[in-house]
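Encoded as structure tokens, the structure appears first; notes follow it.
The values are calculated or read from the model by the stated rules, or taken from the named source; none is laboratory data. All figures in this text were calculated on a predicted structure; none of them were measured in a lab. Heads up, the Cβs are rebuilt from the backbone with ideal geometry, glycines too, and the neighbour counts pull from every protein chain shown.
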């Protein structure tokens, strides 16, 4: 069967296959299929230059796929983490007590520090309607986006 495929698979088959796999990324939003597609396109482009047997083509496609996926997860993917803190667990932070680091009464904004990190961060931006000073102990009353709404601790 491999002998039959050796004569019938052309470079453009791999390129079309690669483009089809990359298009599948629209329906499978994991950013994985694009690397399988890119690997197929690379094999197709190699076939333009070198005559390669089907077995070697499939082996190259598998190797390129693993290399591309590995490079993606090692170099690019870590930098694309969620930077917004969206979806904070409200219950995990409301009621916590922290210390004001700085506060601008003109803007009603500042920052505070918790004694231990909460949700991965120990310093947070704050909003307060009450006048605050550095060193004041405050309690988290609510969330406003990624900013904490605080009140003076009694």
Q) Does residue 59 meet the test of being at pLDDT 95 or above, out of contact with any helix residue (DSSP H, G or I) (no Cβ under 9 Å at 6 or more places or on another chain) and assigned to a helix (DSSP H, G or I)? A) yes
Q. Are any of the residues in the stretch 70-83 crowded, with 18+ Cβ neighbours inside 10 Å and at pLDDT 90 or above?
A. no
Q) When the residues of the stretch 84-97 are filtered to those that are surrounded by 12 or more Cβ atoms within 10 Å (Cβ to Cβ) and modelled with pLDDT of 85 or more, which remaining residue is farthest from residue 139 (Cα to Cα)? A) 93
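Every residue in the stretch 122-136 that is within 22 Å of residue 92 (Cα to Cα) and touching a residue at least 24 places away in the same chain (Cβ under 8 Å), please. Explain how you work it out, then say what you get.
Residues of the stretch 122-136 within 22 Å of residue 92 (Cα to Cα): 122-128, 136.
Once the filter is applied, which keeps residues that are within 22 Å of residue 92 (Cα to Cα) and touching a residue at least 24 places away in the same chain (Cβ under 8 Å), the stretch 122-136 yields 124, 126, 128, 136.
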(Q) Name the residue that is farthest from the chain's Cα centre (by Cα), counting only residues in the stretch 88-121 that are in a loop (DSSP other than H, G, I, E, B) and free of Cβ contacts under 8 Å to residues at least 24 places away in the same chain. (A) 106
